[in-house]
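Structure first, commentary second.
The values are calculated or read from the model by the stated rules, or taken from the named source; none is laboratory data. Computed from a prediction, not measured in an experiment: that's the story for all the values here. With ideal geometry, Cβ positions are generated from the backbone for all residues, glycine too; neighbour counts draw on all protein chains shown.
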Amino acid sequence: MAFGRGLVVGHLVTLRRFVRTFMVGAGRTWQRRGGGPQRVDFFQSPERGLEPVIEQTDETEGIFTVEYPDERLKVHERFRVLPVLVYDDADGGIRCTSCNICAKVCPPQCIWMTHAQGPDGNPVPVPEDFFIDMDVCMNCGLCAEYCPFDAIKMDQNFELANYERHQSHIFSMQDLLVSSGYYAETHPEAWMSADEQSERAKASKKKNQRLQKALSSSGDVPRLD
Amino acid sequence: MLLLMLVSAGMLVAGLWEILIFREFGPMRGVFVQIAGAAVLCAVGTVLARNLIHSALYLVAFFFLVACLFIMLEAEFLAVMQVLVFIGAVAILLMFGIMLTQDVQGDQVEAHSVLRRLPAAIVAIGLFVMLAVAVQQRPDFSKARTERAAPSVAARERVLNQMPQELGLDLMQRWCLPFELVGLLLTASLVGAVALAQPVGSLSAGSDGTPSPGSLTETPEHLSREVAGGTHSSSRPDLVSP
Amino acid sequence: MNGLWVSIVAMKMAALSEPVPWVAWFLWLFVGFAGLFPLLVAYIVWGERKVAARFQDRIGPNRVGPFGLLQSIADLVKLLFKEDFTPARADFLIHALAPVLMLISAMLSLAVIPFGFGSVSMRNDPVTGVLRPTLTGFSAVDLPSGVPYLIAVSSIASLGLFLAGWSSRNKYALLGSMRSVAQMVSYEIPQVLATVPIVLWSGTLSLTGILDRQVETGWYVLTPPGFMAFVIFMISSFAEVNRAPFDLPEAESELIAGFHLEYSSMRFGLFFLAEYMSMFAVCCICTTLFLGGGAIPFLAFPRGLLGGYVVVDLFLNLITILVFSLKVGLLIFLFFWVRATLPRMRVDRLMAFAWKLLIPLCLVNLLIAAIWFEIVIRPVAGRPDGPGFLQWWIGFGVTALLEVLAFFGAVWLYRQDSEHSLKTWRSSTGSKPSIIAWRSVPTKV
Amino acid sequence: MSQDVPLNWYLIVAACVFVIGLFGVMTRRNPIAVLMSIELMLNASNLNILAFWRLGTPNPGEAPLTGVVFTALVIAVAAAEVAVGIALILVCYRVWKSADVDRYDSMLG
């Protein structure tokens, strides 16, 4: 029969947590624990992305708060938010052929696009414009999964808050285009994988062929914007 | 609301009256007039308010003002006791009583009839006139204490300065029997209140919930059925967990 | 109209009192009660947020100002500018009155606390009756019946709480207020009974007198019955000011917010202020009654120097006020600590805890306190050197033994009773209880 | 402090409050309101006792605290009365399902 022993022990447990927050990393009171710009920078801060980040386990003691707007935890590569369209850094060409497969598989039906037309009225395998309603998109990633040309990819930008929701929340092609360099930076593993490299080579080859074909038929270069 | 405005207006008038008329008597008469006027207004509010909670609130204000009058009579300890017992316990108890006997919000109003009030008012005013005349018959009552040159009793000066100690000693020595009797009364009322407020039948009845004949809270035959059904919680099947 | 009233009061005050008390009153009222104490309370809120954050391995507010020091001010500004909303069917006047009543109750109890030692004057000893130098206490008022005054004003809070719940026309608010009034009325009894040994030992009801007596004979918390009274007083104070684990009136998860559910804007702010101010007041009371006020531990230091020059008195009072606030701060930390540790109690256990454990323990403690009085205090009343070493230790041993016996006996009886009622409940319902009995849960520490 | 207020002022106020309480007892139909009116009357008597104690001329050899003791006892009795009164009202409410003194008529004969 316990006479309040559990009460006392419980209070000591919480008191221990309290005291340890001051002891663990005692010298880092003025430092941000998740990296980011330091409040008092006695030594040179590490570069963005190289900061030491405290990972919480059941052994973790002390404070491991990440003060969000000032410092961010690195997201994992597979983390995905909205789809984007990738264009090539080298020639500025986008891979999308406006085949409409993504729009068809999209479960909430938030993608639609218009085909580009040549001067003679024939369709050209590039989108004239491309829209995604970000309020409707549920970040499932099916579009990127189904895209036969690897043109549409999932991005990691999660800070989408806005002051206006009628125009600015429907992303058009200008909002959606990201460079292949950006994608390579945020998704290094996927970008350098053998699969992706061969796909890249194949896609560019195919596209070149189709473009040549289109050019030979119309005799003019369509504008890409 | 109207009465509250009346109270504040009355206090204001009393304050002006004090400044205009009672300056020469010293300030305490004016203070007394204000406090007593507010107390009487609160008493009227207690009796006349149609909402019971408002009535109880006027009563609380009245208790507080009476405590103020006690302080004017230099019985500070009793004033504290007044607040402690009447506001802290009696008012809360009354509120609980209102909650438990009215609908859940306690704001049913009761109708007043002139037929009921008129004789009561006549009796009350008559009694007041009698009391007032009786009080005014004694000319020495109307003189202030300072004017009467009352003998300054040393014992009384002492008790005014150390009232709690003196009161405790007095209650244990001279007034021992009344003190013990009050203790007995409080115990008896505690036991009695618990016994009365018990659900019907739970004191003397067995687990079947029927009140035994001759129990403390025996009810008329035609009423006991519905009462026992509603209050004896352990016999309600819907409270038993699956 | 208001200005006229104020001028009447001012004229009266000017007529009634000498100029110097008038100035002192003005200072207490406008610097203390209208300025310093609310500010202090705002920073208690900030401190609670910081400390609670540390208990949960967080940082706490750090955005507004350095270390988040302006966070309370920002919250206050937010509360001031929010829409003041009154439910359509609410009783407007009572709805507005209730938070004010609670705040008044908390502020009134601060009026008699001796924050410092004050000066020294010759007064009659309440026990022996002889003249001796006595502390005057640095308090707004030195009431001869200070302890019952404290109890009386703290009982006004339950009235305000009840009115808040009733006038909101909301069943959750009403439930919360009914619960909490029952809770506060119940816990008032052990709280009062815990102060009775103090009154018995010091022979006075004045808080300054109690402080003076403790400075002379040692803190009351250092004696076994005094320690038990201190613990009981603190526990029932937790319930009185509605702090965790007794925060049933404002149980967020069950009653949304309890009695102040329908309050918004600064009226809610007043409740908030009242809660923290009553917590502060209770800590001040506890420090005065049990922890020797502003006395420095095991030293009679400032006392012998008081009563000479005004400047010296002021300086020494500053020291005692600092010591006092340190002790109050520790007690407030205790409040935070308990809140960070314990979950909320269930209603029936809350009441059983007060009526079946605390009150019997208080009564037994009163008897043991009388034994301490007879052994240690009464034989040496009036002697300047106080109780002898051996006498003190005999008293300590006897009362400590009795206290331990009383504590274990009371808890044992409490456990027996709860098991018994559980058994009868099981047999009366004829089925297994849906809520697992607390004794059958394997406890692991 | 209170020396310049004459005794009969207190007595008049106490009589006034007492009479108001009496009026309430006679007119109110809710038992709790009746109880409140009784509290008014008790307080009026308390005020009377205390005024006589403080402002009346004490007899030589009289106990110095008679009025205070009397008032304290009345306060205790009032508390006891309210406790039992509320309990009785609850029982009446349970039996008659009504909070109206006019309907408590089972002893009317």
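Considering the conditions (1) outside any loop (DSSP other than H, G, I, E, B); (2) in contact (Cβ under 8 Å) with a residue 12 or more places away in the chain; (3) of a type outside the set (S, T, N, Q), C:Asp348 is excluded by exactly one of them, (2).
In the stretch C:115-127, is there at least one residue being part of a helix (DSSP H, G or I) and modelled with pLDDT of 85 or more? No, the stretch C:115-127 has no match at all. Look at (1) under 30 Å from C:Glu216 (Cβ atoms); (2) without any contact (Cβ under 8 Å) to a residue 40 or more places away in the chain and you find that C:Pro114 fails only one, number (2). Restricting C:Phe268, C:Phe272, C:Phe233 to those that are surrounded by fewer than 20 Cβ atoms within 10 Å (Cβ to Cβ) and assigned to a helix (DSSP H, G or I) reduces the list to C:Phe268. Yes or no: the stretch C:45-68 includes at least one residue that is farther than 22 Å from A:Leu15 by Cα, surrounded by 17 or more Cβ atoms within 10 Å (Cβ to Cβ) and away from chain A (no Cβ under 14 Å). Looking through the stretch C:45-68, none of the residues is farther than 22 Å from A:Leu15 by Cα, surrounded by 17 or more Cβ atoms within 10 Å (Cβ to Cβ) and away from chain A (no Cβ under 14 Å). Would it be correct to say that A:Asp129 is over 29 Å from A:Lys74 (Cα atoms), modelled with pLDDT of 85 or more and either of a type outside the set (Phe, Trp, Tyr) or surrounded by 12 or more Cβ atoms within 10 Å (Cβ to Cβ) (or both)? Yes; evaluated as a whole, the condition is true for this residue. β-branched (Val, Ile, Thr), under 22 Å from the mean Cα position of the chain (by Cα), surrounded by fewer than 24 Cβ atoms within 10 Å (Cβ to Cβ) and not in a loop (DSSP other than H, G, I, E, B): is that true of C:Ile210 in this structure? Spelling it out, it is not the case that C:Ile210 is β-branched (Val, Ile, Thr), under 22 Å from the mean Cα position of the chain (by Cα), surrounded by fewer than 24 Cβ atoms within 10 Å (Cβ to Cβ) and not in a loop (DSSP other than H, G, I, E, B).
Out of B:Leu41, B:Leu84, B:Leu93, B:Leu57, one residue alone is out of contact with any Pro (no Cβ under 8 Å at 6 or more places or on another chain), modelled with pLDDT of 85 or more, in a helix (DSSP H, G or I) and under 19 Å from D:Ala76 (Cα atoms). It is B:Leu93.
What is the residue count in the stretch C:77-136 for residues that are farther than 30 Å from C:Thr204 by Cα and among the hydrophobic types (A, V, I, L, M, F, W, C)?
Step one: of the stretch C:77-136, the residues farther than 30 Å from C:Thr204 by Cα are C:77-100.
If we keep only those that are among the hydrophobic types (A, V, I, L, M, F, W, C) too, we end up with C:77, C:79-81, C:85, C:88, C:90, C:92-94, C:96-98, C:100.
So the answer is 14.
Mind checking whether some residue in the stretch C:366-374 is in contact with an Asp or Glu (Cβ under 8 Å, 6 or more places away or on another chain), outside the structural domain of C:Met184 (by TED's automatic domain parsing) and under 25 Å from C:Val181 (Cβ atoms)? Within the stretch C:366-374, not a single residue is in contact with an Asp or Glu (Cβ under 8 Å, 6 or more places away or on another chain), outside the structural domain of C:Met184 (by TED's automatic domain parsing) and under 25 Å from C:Val181 (Cβ atoms).
Take the stretch D:6-28 and flag every residue that is in a helix (DSSP H, G or I), surrounded by fewer than 24 Cβ atoms within 10 Å (Cβ to Cβ) and of a type outside the set (A, V, I, L, M). Hits for the stretch D:6-28 are D:Asn8, D:Trp9, D:Cys16, D:Phe18, D:Thr27. As an exercise: evaluate D:Thr57 against (1) assigned to a helix (DSSP H, G or I); (2) among the hydroxyl-bearing types (Ser, Thr, Tyr); (3) modelled with pLDDT under 85 and give the number of the one condition it does not meet. Only one criterion is unmet by D:Thr57, namely (1).
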